[in-house]
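What follows is a single structure, written as structure tokens, with notes after it.
Computed from the coordinates by the stated procedures, all read-outs in this text should not be read as laboratory data. These numbers were taken from a predicted model, which means no experiment stands behind them. Cβ sites come from the backbone with ideal geometry, for glycine too, and all protein chains shown count toward neighbours.
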Amino acid sequence: MTKPSDSSSTSRGEKLAQRLSHILALLHQGDNIDKHQLARQFQVDVRTIERDLGERLCGIIERNAEGQWQLLNSSRSTVPTKFLHGYARMAGTEHLFPDTSLRYLLEQLDTPQPRRATQVQPVPHEDLGEHSNAFAELQAAIEHRHECRFGYKDKPRHAQPYRLIHKNGIWYLTALEGGLLKNFSVALITALEVDEASRFTPDPQHHAYINSKDDVWFTPKTTEVLLRVTPEVAHYFTRRPLLPQQRQNAETDGSLWVSTAINHPNQLLPVVQYWLPNVRIVQPVEWHELLMERLRQALGRWEEK
């Protein structure tokens, strides 16, 4: 019998090391293991891959409840890279950079901060530190479909919680009260009590409505609003939406017709006031008149002082 050469043994050892390293890299990234694909990639039998998983990596990996291979908790030194994209989506920063690839994100994280060419200014957020317990209780109530009782603006409330929504640095609880979906600022909720003995069935239509909204103003009906925006500030309305469900059409002179669906005048008027005199409410006319009246009242108060 011919004894295998040292070079042959080394070659097999290198291939084994490469194969095991590749498997571990996939698991670190949170990817599922396809033993048939691995067998084709490394030109080995499927039973060889099964032996890699069940014997050679024993004590490092395990099967989860779904039968998929994963790293043991003790073997996880880093967060799977695919979770970075998941976190970006959850935090609403998925499209923060023009390049949304994982490769680009990892390159930025790997670059020391003094050498980075990019800098993201933090957005102001409310501090919910003293409300962290209430936030956790509300989150659990939503997950377990428990009804809640709490105080809000000096009124007792009894509601079915549906979602915790973050908008412009503020956390809101979306809940069904009296048959209507409403939003409550988490920081203003007092005396929270979760009825763990109760269990409600969420209405899929309510979830669909919440998913369709890009703001926290919830009312049964919306009003179609038409604005005229001058060329001087048109760029600010086209570079990113400033209003819910915003749509715009440009004129040849550079001005814009902007349409939006508004739940309440107070959702629109502060935006228009900010951009005066370059934005005008064309429709509905009564909202334009309401804005003019508020401006006259404000001027009157200033003159009194």
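Taking only Cα atoms of region 91-245, what ratio of Rg to Rh do you get with Rh as the Kirkwood inverse-distance radius? Mind showing how you got there, number by number?
Details: Rg = 19.7 Å, Rh = 18.8 Å.
Ratio of gyration radius to Kirkwood radius: 1.05.
Using R₀ = 22 Å, calculate the FRET efficiency as 1/(1 + (r/R₀)^6) where r is the Cβ-Cβ separation of residue 113 and residue 93; round to 0.05. Before the final figure, lay out the partial values.
Details: r = 18 Å, r/R0 = 0.80.
In this case the efficiency is close to 0.80.
Dipole orientation for region 182-226: of the candidates 186, 218, 200, 218 has the Cα lying most toward the positive pole (charges on Cβ; Lys, Arg +1; Asp, Glu -1). Does region 193-305 classify as rounded, prolate or oblate by the C-alpha gyration tensor (a ≥ b ≥ c root eigenvalues; a/c under 1.5 gives rounded; else a/b over b/c gives prolate, otherwise oblate)? Cα axes put region 193-305 in the oblate bin. A simple spin-label model places pseudo-atoms 7 Å from Cα toward Cβ; at residue 250 and residue 297 they are separated by 3.9 nm.
Compute the angle between helix 285-304 and the longest alpha-carbon principal axis of the chain, please, reported from 0 to 90 degrees and rounded to the nearest 10. Once rounded, one gets 70 degrees. The distance separating the Cα centre of region 202-244 from that of region 156-176 comes to 18 Å.
Toward the positive end of the charge dipole of region 223-304, with +1 on the Cβ of Lys and Arg and -1 on the Cβ of Asp and Glu, the farthest Cα among 291, 238, 258 is that of 238.
Of the candidates 203, 45, 195, which one comes out as most mobile in a Gaussian network treatment of the chain with C-alpha springs shorter than 10 Å? Ranking 203, 45, 195 by mean-square fluctuation puts 45 first.
For helix 265-275, what angle does its Cα long axis make with the longest principal axis of the chain, in degrees from 0 to 90 and rounded to 10? Helix 265-275 sits roughly 90 degrees off the main axis of the chain.
Farthest towards the positive end of the charge dipole of region 12-75, among the residues 64, 39, 26, is the Cα of 39, using unit charges on the Cβ of Lys, Arg, Asp and Glu.
Rounded to a whole number, what is D in µm²/s for the chain from Stokes-Einstein with the Kirkwood radius over alpha-carbon pairs (25 °C, 0.890 mPa s)? Please list the in-between numbers first.
Details: Rh = 25.3 Å.
Translational diffusion coefficient: 97 µm²/s.
GNM on the chain, alpha-carbon springs under 10 angstrom: the most fluctuating residue among 260, 252, 190 is 252. Against the chain, whose longest principal axis is taken from its Cα atoms, helix 6-28 shows a tilt of about 20°.
Work out the length of the dipole vector of the chain about its Cα centre, built from +1 on the beta-carbon of each Lys and Arg and -1 on the beta-carbon of each Asp and Glu, and round it to the nearest 20 debye.
Details: 36 positive and 37 negative charges, 130 e Å.
It works out to roughly 620 debye.
Which length gain, in nm to one decimal place, applies between residue 120 and residue 236 when the Cα-Cα distance is subtracted from 0.36 nm times their residue separation? Don't skip to the end; give the middle numbers.
Details: separation 116, 0.36 × 116 = 41.76 nm, distance 1.93 nm.
Using 0.36 nm per residue and subtracting the Cα-Cα distance, I get 39.8 nm.
Largest GNM mean-square fluctuation across 39, 141, 187, computed for the chain with C-alpha springs under 10 Å, falls on 39.
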